[in-house]
Amino acid sequence: MIAIIKYNGGNVISVQNALKRLDTNSIVTDDFDLIKNADKVIFPGVGEASSTMKLLRDKGLDKLIPTLQQPVLGICLGMQLMCGSNEEGNTEGMGIFDIKVKKFPPEDLVPHMGWNTLSQCQSPVFSGIESEDDLYFVHSYYCELSEYTTSVCNYILPFSASLQKNNFYATQFHPEKSGRVGNEILNNFLKL
């Protein structure tokens with residue numbers, strides 16, 4: 001069973017529909033036991049960092065998520081909240097990835113919205129993905145490059161399009177909205 005973390009935000013229905021297209025059952029839950037015992041966990045994200053972290057703290061999910069042992073996938077804001085700090089709302093994250101999330105400089109249109117390619121892909125979730133394949137992004141803040149970076153996207157500046165540390169995987173792009181390529185990435189995650 002795949003647990004999708006419920007916290008009153010986060011593009012949950014799109015993620016659940018993407019899993020259905022892959023013939024995979026999932027449950028949207030904030031129940032600690034269901035999350036801890038799931039085969040995989042997905043932490044989706046759409047929203048504002050400080051208010052979302054408050055919701056996670058109120059439910060104790062900010063303490064649970066970093067302790068999970070199974071493969072965990074953070075998406076977009078989910079990825080950003082797995083980091084140490086976020087300039088949006090001066091928010092302290094969960095610190096799984098000890099890096100900063102910064103606001104794009106206003107040198108081009110912000111948010112970064114639309115299709116873009118990746119480079120330097122180095123994760124099992126990218127098996128079968130080509131460097132020319134497009135993925136869908138929508139974000140105004142970015143994760144800096146670090147030792148955890150497993151792919152890079154360039155919009156205004158190079159940033160981490162994905163991260164990995166141990167059993168924690170994260171993508172700034174939305175695989176659930178990225179068509180065939182996104183489905184392949186989700187399928188690769190499900191096979192971990």
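The one condition from (1) under 17 Å from the mean Cα position of the chain (by Cα); (2) surrounded by 20 or more Cβ atoms within 10 Å (Cβ to Cβ); (3) of a type outside the set (Val, Ile, Thr) that Ser14 does not meet is (2).
Restricting attention to the range 1-16, the residues that are under 21 Å from Asn37 (Cα atoms) and either part of a helix (DSSP H, G or I) or without any contact (Cβ under 8 Å) to a residue 12 or more places away in the chain (or both) total 3. Tell me whether the range 95-102 contains one or more residues that are part of a loop (DSSP other than H, G, I, E, B) and either without any contact (Cβ under 8 Å) to a residue 40 or more places away in the chain or closer than 30 Å to Leu34 by Cα (or both). Yes, the range 95-102 has at least one match.
Conditions (1) surrounded by fewer than 21 Cβ atoms within 10 Å (Cβ to Cβ); (2) aliphatic (A, V, I, L, M); (3) within 24 Å of Ser26 (Cβ to Cβ), marked per residue:
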position: Glu144; (1), (2), (3): yes, no, no
position: Glu147; (1), (2), (3): yes, no, no
position: Ile156; (1), (2), (3): yes, yes, no
position: Leu186; (1), (2), (3): no, yes, yes
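In the set (1) touching a Ser or Thr at 6+ places or on another chain (Cβ under 6 Å); (2) open to solvent by less than 40 Å² (accessible area, probe 1.4 Å); (3) not in a helix (DSSP H, G or I), Cys121 fails one condition alone, (2).
When the residues of the range 23-38 are filtered to those that are under 20 Å from Asn183 (Cα atoms) and in contact with a helix residue (DSSP H, G or I) (Cβ under 7 Å, 6 or more places away or on another chain), which remaining residue is surrounded by the fewest Cβ atoms within 10 Å (Cβ to Cβ)? The qualifying residue surrounded by the fewest Cβ atoms within 10 Å (Cβ to Cβ) is Ile27.
Scanning the range 34-66 for residues that are within 17 Å of the chain's Cα centre (by Cα) and in a loop (DSSP other than H, G, I, E, B), we see that the one that is nearest to Asn187 (Cα to Cα) is Pro44. Can you find, within the range 64-96, the residue that is most open to solvent (accessible area, probe 1.4 Å) among those that are closer than 17 Å to Tyr141 by Cβ and out of contact with any helix residue (DSSP H, G or I) (no Cβ under 8 Å at 6 or more places or on another chain)? Per the stated criteria, the residue is Glu87. When each of Lys20, Lys103 is tested for being modelled with pLDDT of 95 or more, surrounded by fewer than 21 Cβ atoms within 10 Å (Cβ to Cβ), in contact with a strand residue (DSSP E or B) (Cβ under 6 Å, 6 or more places away or on another chain) and of a type in the set (D, E, K, R), the lone residue that passes is Lys103.
Can you find even one residue in the range 67-75 that is part of a helix (DSSP H, G or I) and closer than 25 Å to Asn187 by Cα? Yes, the range 67-75 has at least one match.
Surrounded by 14 or more Cβ atoms within 10 Å (Cβ to Cβ), hydrophobic (A, V, I, L, M, F, W, C), touching a Gly at 6+ places or on another chain (Cβ under 9 Å) and within 14 Å of Gly74 (Cα to Cα), is that true of Leu163?
It is true that Leu163 is surrounded by 14 or more Cβ atoms within 10 Å (Cβ to Cβ), hydrophobic (A, V, I, L, M, F, W, C), touching a Gly at 6+ places or on another chain (Cβ under 9 Å) and within 14 Å of Gly74 (Cα to Cα).
The values are calculated or read from the model by the stated rules, or taken from the named source; none is laboratory data. What you are looking at is a predicted structure, and each value in this text was computed from that prediction instead of being measured. Quick reminder, even Gly has a Cβ in these numbers, built from the backbone with ideal geometry, and neighbours come from all protein chains shown. For accessibility, only protein heavy atoms count, side chains too; no ligands or nucleic acids. Shrake-Rupley method; radii C 1.70, N 1.55, O 1.52, S 1.80 Å.
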